[in-house]
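The values are calculated or read from the model by the stated rules, or taken from the named source; none is laboratory data. Bear in mind the structure is a predicted one, so any value in this text is a computation, not a measurement. Please note that ligands, DNA and RNA were not included when accessible areas were found on the heavy atoms of the full protein model with its side chains. Shrake-Rupley method; radii C 1.70, N 1.55, O 1.52, S 1.80 Å.
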Amino acid sequence: ELNEDLTPSATVFTGKPDLYHALQACLIPLFPATGSLTKVIPEASTQP
């Protein structure tokens, strides 16, 4: 993990990165590979 100066940091992110990546792994196959999930999910929800 890098700090603000882009050098290796001695600390580790305290959030839930595993949950974040697991969610992405489940969502990515459901949408077209035309951009980021934050773009394609709202577009897909407005289509009939």
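Ligands, DNA and RNA left out, the 1.4 Å accessible surface of the chain is 65% carbon and sulfur atoms. 3J(HN,Hα) couplings calculated from phi for the stretch 29-45 with the Karplus curve 6.51 cos²θ - 1.76 cosθ + 1.60 (θ = phi - 60°) are, in sequence order, x, 7, 10, x, 8, 10, x, 6, 4, 5, 8, 6, 5, x, 5, 5, 6 Hz; Gly and Pro show x. Given 20 °C and 1.002 mPa s, how large is the Stokes-Einstein diffusion coefficient of the chain in µm²/s, with Rh as the Kirkwood radius over Cα pairs? Approximately 161 µm²/s, per Stokes-Einstein.
Proximity of backbone amide H atoms, modeled 1.01 Å from N, is registered between F31 and no other residue at under 5 Å, excluding neighbours fewer than 5 places apart on the same chain. Put T14, T34, T7 in order of accessible area, highest first, and with a 1.4 Å probe you get T14, T34, T7.
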